[in-house]
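Below is one structure, written out as structure tokens; comments come after it.
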Amino acid sequence: MTADRTADAAPQAPRPFGLLAELTYRCPLACAYCSNPIELARYDDELSTADWQRVFTEAADLGVLQCHLSGGEPLLRRDLPELVRTAAGLGMYTNLVTSAMGLSRRRAEELRAAGLDHVQVSVQADEPTTSDRIAGIPSFERKLEACRLVRELGWPLTVNVVLHRQNIDRVAAILDLVEDLQADRVELANTQYYGWAWKNRTALLPSHEQLDRAEEIVTAARDRLAGRMEVVHVLPDYYSRYPKPCMGGWAQRQLTVAPDGDALPCPAAQTLPLPRASVRDASLAEIWHSAPLFTAYRGEDWMQDPCRTCDRRELDHGGCRCQAFQLTGDPAATDPVCHLSPEHHLITEAVDEANRPLPVDLELVPRPHR
Ligand code: SF4
Ligand code: FES
């Protein structure tokens with residue numbers, strides 16, 4: 001074990017609670033809302049089984065309690081059961097985040113035996129035509145079969161549906177489907193505009209009218225399903241007055257490790273103009289405590305006006321660093337979603353465009369299969 005125990009020597013630093021282990025960016029689907037990086041080829045040299053096992057050990061030593069096994073499609077890693085067994089053996093709660101493509105009965109039983117605690121399946125719509133068009137391949141029926149298998153094997157099931165202009169009008173039927181599948185939880189998460197979703201923003205950003213209608217339906221469903229199914233609704237920050245407290249603050253509670261070993265404070269942080277930090281070169285503790293990518297925006301010292309003197313800075317931490325950089329070129333800028341940002345017009349212009357009478361099925365640029 002190579003874990004660095006310096007975590008104990010730095011009491012001023014927060015302890016991470018969750019690890020997002022992006023095991024591979026390979027994926028059989030081609031969803032246009034995918035937040036994976038645009039330069040997918042850069043990630044072909046994936047960490048080995050032993051590398052991931054070391055990362056999990058170091059994460060547990062740092063205090064991580066939840067291990068989310070994600071991608072891409074994590075089921076494409078043949079060593080997935082071995083990785084689950086390691087994470088579970090370290091006492092972490094293990095969550096598989098999957099498209100469910102490749103979740104055969106044999107594979108599911110292996111994962112159950114390895115100690116997997118929870119499964120989250122992505123579903124694109126309530127019926128095959130829309131779902132398969134958004135996913136880029138015929139996959140709807142196999143997803144439903146996989147959801148039933150998850151319930152049969154006794155796992156808690158979360159169904160994740162990324163909402164956008166092209167499926168949000170179907171939210172009532174989507175909720176009916178998820179109820180039929182007997183999910184414990186549904187996450188209706190409006191698209192976050194990173195990676196491929198950023199490329200497709202015009203075709204994905206819903207109109208105000210669409211959002212209002214959906215919110216009414218979701219609120220009624222939440223009341224109706226109370227006690228049976230948790231309904232989580234993540235609204236699009238483009239329509240908010242204040243930004244989201246992205247990641248609960250920079251390098252505070254979560255960390256991500258990308259398939260090539262890059263350690264990141266959030267899944268989109270590889271875009272920022274800061275030196276890379278890789279688990280191939282340093283321990284997770286060294287990276288968490290000292291890598292510029294993790295320390296640059298921790299706390300409040302980096303803030304500029306208007307955040308620097310704003311009463312809400314402890315609530316939203318100035319918003320999302322990745323979005324600030326993407327839209328303004330300055331990662332320390334106030335997130336332009338905030339109506340107090342001098343660059344807020346960048347958001348209102350996009351929202352104005354989404355509220356023009358555009359068709360709801362504009363052409364999507366699919367994320368390539370790899
Ligand atoms: Fe949040 Fe900064 Fe806007 Fe204040 S100015 S509400 S801290 S983003
Ligand atoms: Fe990176 Fe928000 S996505 S800080």
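The values are calculated or read from the model by the stated rules, or taken from the named source; none is laboratory data. Quick caveat: nothing in here was measured; it's all calculated off a predicted structure. Counting neighbours? That spans all protein chains shown, and the Cβs are built from the backbone with ideal geometry, glycine included. Protein only, heavy atoms only, side chains kept; ligands, DNA and RNA dropped before computing areas. Shrake-Rupley method; radii C 1.70, N 1.55, O 1.52, S 1.80 Å.
Per-residue answers, yes or no, for (1) in contact with a His (Cβ under 6 Å, 6 or more places away or on another chain); (2) aliphatic (A, V, I, L, M); (3) assigned to a loop (DSSP other than H, G, I, E, B); (4) under 24 Å from P357 (Cβ atoms):
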residue	(1), (2), (3), (4)
T158	no, no, no, no
A172	no, yes, no, yes
A189	no, yes, no, no
Y193	no, no, yes, yes
T219	no, no, no, no
V231	no, yes, no, no
M247	no, yes, no, no
Check P366, P357, P331, P342 and return the single one that is under 23 Å from A30 (Cβ atoms) and part of a loop (DSSP other than H, G, I, E, B).
P366
Over the range 10-59, the set of residues among the aromatic types (F, W, Y) and either in contact with a helix residue (DSSP H, G or I) (Cβ under 7 Å, 6 or more places away or on another chain) or not in a helix (DSSP H, G or I) (or both) is F17, Y25, Y33, W52, F56
Name the residues in the range 307-337 that are more than 6 Å from ligand 1 (Cβ to nearest atom), in contact (Cβ under 8 Å) with a residue 60 or more places away in the chain and surrounded by fewer than 24 Cβ atoms within 10 Å (Cβ to Cβ), would you?
L315, Q326
Sort out which residues of the range 150-199 are out of contact with any strand residue (DSSP E or B) (no Cβ under 8 Å at 6 or more places or on another chain), acidic (D, E) and over 30 Å from I38 (Cα atoms), and write them in order of number.
E152, D176, E179, D180
Do we find that G136 is at pLDDT below 95 and at positive phi in this structure?
yes
Just to be sure before I move on: is V119 crowded, with 23+ Cβ neighbours inside 10 Å, under 18 Å from the mean Cα position of the chain (by Cα), not basic (K, R) and not in a loop (DSSP other than H, G, I, E, B) in the structure I sent?
yes
One residue from Q166, Q210 being away from ligand 1 (no atom under 16 Å from the Cβ), polar (S, T, N, Q), in contact with an Asp or Glu (Cβ under 7 Å, 6 or more places away or on another chain) and part of a helix (DSSP H, G or I):
Q210
Do any residues in the range 130-141 that are without any contact (Cβ under 8 Å) to a residue 60 or more places away in the chain have Cβ atoms under 9 Å from those of residues that are of a type in the set (V, I, T) and in a helix (DSSP H, G or I), where the two are at least six apart or on different chains, and which pairs are they?
F140/T129; F140/T130
Filtered residues of the range 274-306 (kept if in contact with a strand residue (DSSP E or B) (Cβ under 9 Å, 6 or more places away or on another chain) and either within 13 Å of ligand 1 (Cβ to nearest atom) or open to solvent by less than 70 Å² (accessible area, probe 1.4 Å) (or both)):
A277, S278, V279, A282, L284, I287, W288, A291, L293, F294
The one condition T271 fails out of (1) within 16 Å of ligand 2 (Cβ to nearest atom); (2) open to solvent by 20 Å² or more (accessible area, probe 1.4 Å); (3) modelled with pLDDT of 95 or more is (3)
